[in-house]
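The values are calculated or read from the model by the stated rules, or taken from the named source; none is laboratory data. Only a predicted model underlies this, so the values are computations on that prediction, with no experimental measurement involved. So basically every Cβ, Gly included, is an ideal-geometry build from the backbone, and we count neighbours across all protein chains shown.
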Amino acid sequence: MPTLPILGLITFVPLAGAVLIAVLPSKEQNLIRRTALGTSLAAWVLSLLLLVTYSLGQAGFQFKEAADWIPSFGIQFKLGVDGLSVLMVVLTTTLSWISILASFGPIKVRVKEYMISFLVLEVGMIGVFVALDLFLFYIFWELVLVPMYLIIGIWGGANRIYATTKFVLYTLVGSLLMLVAILATAFTYQAANGSWAGAFDYEKLQAFAAAGSFGHNFQLLAFLALFLAFAIKVPMFPFHTWLPDAHTEAPTAGSVILAGVLLKLGAYGLIRFAVPLYPFAAHTFAGPIIVLSLIAIVYGAVVSIVQPDLKRLIAYSSVSHMGFVTLGIFVFTATALQGAILQMLSHGLITGGLFLLVGVVYERTHDRSIAKMGGLAATMPLWSTVFGFFILASIGLPGLSGFVGEFLVFVGSFAFAPVIAVSSIIVMVLAATYLLWMFQRVAFGAVSDFLTGLGDHLTDMSRVELLTLAPLAALIVLFGLFPSLILDFLSPVQTFLAAAGAAVGG
Amino acid sequence: MNALLPLIPLLPLGGFLLTALLGRRYPDDAHRIAVWAVVASWLVASLVALMTLVHIAPFGPQGSGITLWSWIPAIGFRADMGLFADPLTACLLIVVTTIGMLVHVYSIGYMAHDPGRWRFFAYLNLFMFSMLLLVLADNFLLVFAGWELVGLCSYLLIGFWYPRRSAAVAAKKAFLVNRVGDMGFALGIMAIWTQLGTLNMQSVFAKFGAVPHEWQIAIAVLLLCGAVGKSAQFPLHVWLPDAMEGPTPVSALIHAATMVNAGVYLVARCNPIFGTASEVMVVVAAIGIFTAIMAASIAFTQTDIKRVLAYSTLSQLGYMFAALGVGAWTAAIFHLMSHGFFKGLLFLDSGSVIHSVGGEQDMRKMGGLARKIPTTYATMLIGSIAIAGVPPLAGFFSKDEILGGAFKNGFLWVWAIGFVVAGMTAFYMFRLMGMTFWGPSHVDPEVEHHIHESPRSMTGPLIVLAVPAVLLGLAVGFPPETGLLHQWLAPVFEHTIAAGGHAEAAYTFFGIDGALAIATTALVAIAIVLAWRLFGVEIPVLGLRSQPRPDQVRALSARRAMALLYRGSSNKWWFDDINNKVFVEWGGKLAAAAFWFDRTVIDGTVNGIGTVTAGAGMALRRVQTGRVQNYALGIALGLIVMAAGYLVISVTVR
């Protein structure tokens, strides 16, 4: 077992599936679908294996694999995971198979291309979470962009070209800055050590940073570049406007992955790279970033209230919820950071579920406008019950996962400065306002004329649709009652805070 | 034996899960599971309460608990799944499970013809679980969890008839207004953790003296916010009257007898916290007594039978807050219990009335029902006498202790207002009785000959609830201030009372206490006589009979001095209109403005940059002239810029 290159396997199993599908004839749609699902399930099983074999108490990275890639610049193919990345990998593989299963019905054209894109997307996402070489990380990061560009641009809604172009250009601006920062970091390391060996190696760079060897001015510039890339991805206020457009136009599964995993890439980048490598800069900019996070939390919620479109509403709510993640990172307390990571996972499960549920209605009505809905509780009782459950989870009902994450961020922030918690606690009311008002208009009241007109098309959720949602709901309850299942993996929090704190003076 | 504690909430939780899973398949029978689950929970709860009150180990005056698992064991934070029962818990357990069980039984009949009956019972079971969790929790975060869950159940049950828009709106309103208070509660929990490093209530109380005084005040104020929301005190009282959109058993259980008491329970439970922050205690008393008189004044003019009872509930909860604020802790819990029983009774009675007249809730379309639904009438009369404070029924003793406590602890203004409210209570309750049961019938002739007494599953609980409404005071509250309840609760409150300094003077019947009691009783008697002169009375056994005088009522309310009061009362003092204007209208405009800002300014900038870039690309296309000289010039300029840039960077970055 120890010799099994499990990380490499998890990362490239989906790629193998994509290659396999590429040689299948296009008209074998069902075979293609099943191959894609089987592949993603295989990756999922492997990731579960990773989850159970990961040793909790141990510090540092585990399951490391390394091979020289471009030796003249010290670039390696280096993988490894700590508790944080294990959790993110499992989140990715879980949401991937669910998304692929949820695409069986809605995606009817170019199934082959769609499934290939999806599996390549999975490769990129997993790669980002397991890469321990900055150059490799960058490659995976950009790899995510291409299939998502296609998924929105080909299988998306009416306004898809505008949305996908905006998404890609916006993200590309950030990632180009990130490339500059990565190169500059490597150059600095090379200049200090006189050799390229380890110049892109995350562990070496982190040790270098922990010794306080990156100059302050350099840190400020490199951090800003990296931060911008990640902040766009999260997305933080005011870089968020690509998100509502992308979500609205993306097909259901695209939205699920976008909200469930892609936004987490940004948060992961901040925790893994931006703060530990440039701790001085992180502390210098913490104040403004906290303020931006608070704005995102409240502003995202306020704007959500008046959204006329179901997906757009959930998109803006993501801005608000992800604000907790960035807030939790930059107050630099263990409690808040654990809360932030819990919130990353929980938001992936909850918002992923919400987008799936909107997809279920969209399949039947081909509409997402709240004004046209009404009375769905009478016509689709099962759907309404499940939708209500995910809405309550999103509101932060205790006993469900969302509560634990948000509350830990609140407590950690309160300990740092009470004013932070006081100024953002209003979101407790705002979140309930926009979600319950939406739920009331969609599910309660008399059945709307628009829905009545659909007649028999308005069937309740199917078994497959329920199957995509059941695991998410189960995990939301499980993590709400036993958050220790996640918290046990979060010993990297200590490493992070040590890294963030150690070099502040240096 | 401590393992009994988790059984109490888990039985109804199991009932909820089974009913919810099986309900769709067995819609006619699933509710039985829920009923039996609550009966079982009541048995266990009664056993635990009894053991606690008569001191059978491990339960007893100091309380006993059990930790199930470590709920949130984070680095730098900790909260457990732990339950705890002491005499205060025992009192609440008795009220919650007894009334809960009776309401379940009652609902079998009340909801018999509703196709969603199983769903109703599933929600009721979920509520029982949540409420019992709230009462039994041993730490603040778990109380908060129960707190939010009862709020959810309240939301689900108010909106039970969801096709009705008003029900859906009222449900949402209840949840949102409660959340306003919960913000304070949540911040209070954060403050407690930050100051003390624990959320376990007993540990917090033990260490609370060491907290800096400004934080003591802050924590008390923040917890009070939560209590004010849940117990519907001014200014967060607006959700409770609208909550009457829910089925009547819900109003009885959640919005009269149990959930709305949670705020009173929280403040009483945190008596060591509030005791050290005496500045806040005055606020508690002021909020309570203001709510009491404000709500009572609204109850005067409401015509919907349930709304009168809802405002009455607000008013009585105000009494309890006033009692807490003046330091009459036991009196507050006493009133909580007696009010739970008689108000639960009154609401179930009103449900029986509504049931008998085909769903009508407007008292102007009732009248003369006394002989047609005798059991309902008799039990409702008992409930009304009890709430009015006629000796020796339950309400007399508990209200008397509150007023006496206010007077003797030096809160004369609280006593004076409370005294007036006692008279008002008697008046509006007998106005309700008169309009509903006495005088000529105004029932729709179509409905008139269908009027029938409710089935036994409904009248049974009424009769059972009438017993404590009559006897509770004599049983646990007599002799006043030294009765059983005082002995039971002494271990919970004695510390705070001793620390507070005002050891209350002993009860003297031939002294101040007797004088106060007689004064109150006299006022109540006058109010009752006044009400039945105006609204008519007909008590055959006693040979009492009077005709209603709608002309006098109209003349009275039309008087110049009364007109404004009358308008204010019937418009609920315009609180809903103000809230609607400020939060719904202005808040909506603010949100719309934020969205405009997002699209025009933020996204406009992004798109602007995009357009400028695209435009620049079009413009720069002209640079591709194809002439070598131009390119050479470009290369030269580029080199210079790069060299300069390198110089600048190597100077600024080391």
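Taking region B:409-423 as the range and being part of a loop (DSSP other than H, G, I, E, B) and either within 13 Å of B:Thr291 (Cα to Cα) or hydroxyl-bearing (Ser, Thr, Tyr) (or both) as the test, no residue passes.
Restricting region A:164-189 to residues that are touching a residue at least 40 places away in the same chain (Cβ under 8 Å) and either polar (S, T, N, Q) or in contact with a strand residue (DSSP E or B) (Cβ under 9 Å, 6 or more places away or on another chain) (or both), the residue that is nearest to A:Phe218 (Cα to Cα) is A:Thr185. Does region B:614-654 hold any residues that are farther than 23 Å from A:Ala181 by Cα and among the polar types (S, T, N, Q), and which are they? Scanning region B:614-654 gives B:Gln624, B:Thr625, B:Gln629, B:Asn630.
Look through B:Thr194, B:Thr198, B:Thr248 and report the one residue that is within 14 Å of another protein chain (Cβ to nearest Cβ), among the hydroxyl-bearing types (Ser, Thr, Tyr) and in contact with a Phe, Trp or Tyr (Cβ under 8 Å, 6 or more places away or on another chain). After ruling out the rest, the residue left standing is B:Thr194. Candidates are the residues of region B:51-74 that are surrounded by 18 or more Cβ atoms within 10 Å (Cβ to Cβ) and within 11 Å of chain A (Cβ to nearest Cβ); the one that is farthest from A:Phe407 (Cα to Cα) is B:Trp71. Within region B:409-443, the set of residues being hydrophobic (A, V, I, L, M, F, W, C) and over 18 Å from B:Thr301 (Cβ atoms) comprises B:Phe411, B:Leu412, B:Trp413, B:Val414, B:Trp415, B:Ala416, B:Ile417, B:Phe419, B:Ala422, B:Phe437, B:Trp438, B:Val443. In the set A:Phe403, A:Phe390, only one residue is under 30 Å from B:Arg78 (Cβ atoms), away from chain B (no Cβ under 13 Å) and in a helix (DSSP H, G or I); that residue is A:Phe390.
Checking the conditions here, which among B:Ser350, B:Ser278 is polar (S, T, N, Q) and buried (at least 24 other Cβ atoms within 10 Å of the Cβ)?
After applying the criteria, what remains is B:Ser350.
Can you say whether A:Leu397 is of a type in the set (A, V, I, L, M) and away from every other protein chain (no Cβ under 11 Å), as far as the supplied structure shows?
no
Has region A:58-75 got at least one residue that is part of a strand (DSSP E or B), crowded, with 24+ Cβ neighbours inside 10 Å, touching a Gly at 6+ places or on another chain (Cβ under 7 Å) and not β-branched (Val, Ile, Thr)? No, there is no match, as no residue in region A:58-75 is part of a strand (DSSP E or B), crowded, with 24+ Cβ neighbours inside 10 Å, touching a Gly at 6+ places or on another chain (Cβ under 7 Å) and not β-branched (Val, Ile, Thr). Here B:Ala561 fits the description: in a helix (DSSP H, G or I), small (Gly, Ala, Ser) and loosely packed, with under 11 Cβ neighbours inside 10 Å.
On the stretch given as region A:453-479, residues that are crowded, with 22+ Cβ neighbours inside 10 Å and within 13 Å of chain B (Cβ to nearest Cβ) total 1.
The single residue among B:Val105, B:Val180 that is at the interface with chain A (Cβ under 8 Å from one of its Cβ atoms) and modelled with pLDDT under 95 turns out to be B:Val180. Here B:Gly473 does not fit the description of being among the small types (Gly, Ala, Ser), surrounded by fewer than 19 Cβ atoms within 10 Å (Cβ to Cβ) and part of a helix (DSSP H, G or I). Considering the conditions (1) touching a Gly at 6+ places or on another chain (Cβ under 6 Å); (2) more than 25 Å from A:Gln307 (Cα to Cα); (3) more than 14 Å from chain B (Cβ to nearest Cβ), A:Leu228 is excluded by exactly one of them, (3). Can you confirm whether B:Gly116 is more than 14 Å from chain A (Cβ to nearest Cβ), under 26 Å from the mean Cα position of the chain (by Cα) and not basic (Lys, Arg)? No. Here A:Leu224 does not qualify as assigned to a helix (DSSP H, G or I), at pLDDT 90 or above and within 14 Å of the chain's Cα centre (by Cα). Among the residues of this structure, B:Val48 counts as one that is surrounded by 15 or more Cβ atoms within 10 Å (Cβ to Cβ), away from every other protein chain (no Cβ under 14 Å) and aliphatic (A, V, I, L, M).
Of everything in region B:154-168 that is at the interface with chain A (Cβ under 7 Å from one of its Cβ atoms) and under 21 Å from the mean Cα position of the chain (by Cα), the residue that is nearest to B:Ala257 (Cα to Cα) is B:Gly159.
Residues in region A:421-452 that are facing chain B (nearest Cβ under 8 Å), of a type in the set (Gly, Ala, Ser) and within 16 Å of B:Tyr155 (Cβ to Cβ): A:Ala432, A:Ala443, A:Gly445. Taken over region A:61-73, the residue count meeting the criterion of being out of contact with any Lys or Arg (no Cβ under 9 Å at 6 or more places or on another chain) and within 14 Å of A:Asp133 (Cβ to Cβ) is 5.
Would it be correct to say that B:Val204 is more than 12 Å from chain A (Cβ to nearest Cβ), of a type outside the set (Asp, Glu) and closer than 20 Å to A:Leu408 by Cβ?
Spelling it out, B:Val204 is indeed more than 12 Å from chain A (Cβ to nearest Cβ), of a type outside the set (Asp, Glu) and closer than 20 Å to A:Leu408 by Cβ.
For region B:429-440, the count of residues that are assigned to a helix (DSSP H, G or I) and surrounded by fewer than 22 Cβ atoms within 10 Å (Cβ to Cβ) is zero.
Of the helices (runs of 4 or more DSSP H) lying entirely inside region A:407-475, those carrying at least 2 residues that are without any contact (Cβ under 8 Å) to a residue 40 or more places away in the chain and within 26 Å of the chain's Cα centre (by Cα) are A:427-443.
The set of residues from region B:580-608 being of a type in the set (Val, Ile, Thr) and either under 32 Å from the mean Cα position of the chain (by Cα) or more than 10 Å from chain A (Cβ to nearest Cβ) (or both) comprises B:Val582, B:Val584, B:Thr600.
Scanning region B:1-44 for residues that are among the small types (Gly, Ala, Ser) and either touching a residue at least 60 places away in the same chain (Cβ under 8 Å) or farther than 15 Å from B:Leu133 by Cα (or both) returns B:Ala3, B:Gly15, B:Ala20, B:Gly23, B:Ala30, B:Ala34, B:Ala37, B:Ala40, B:Ser41. Of everything listed in (1) closer than 30 Å to B:Arg78 by Cβ; (2) within 14 Å of chain B (Cβ to nearest Cβ); (3) crowded, with 24+ Cβ neighbours inside 10 Å, the single unmet condition for A:Thr333 is (3).
The set of residues in region A:262-309 being away from chain B (no Cβ under 14 Å) and among the small types (Gly, Ala, Ser) consists of A:Gly266, A:Ala267, A:Gly269, A:Ala274, A:Ala282, A:Ala286, A:Gly287, A:Ser293.
Screening B:Thr625 against (1) outside any helix (DSSP H, G or I); (2) within 9 Å of chain A (Cβ to nearest Cβ); (3) among the hydroxyl-bearing types (Ser, Thr, Tyr) leaves a single unmet condition, (2).
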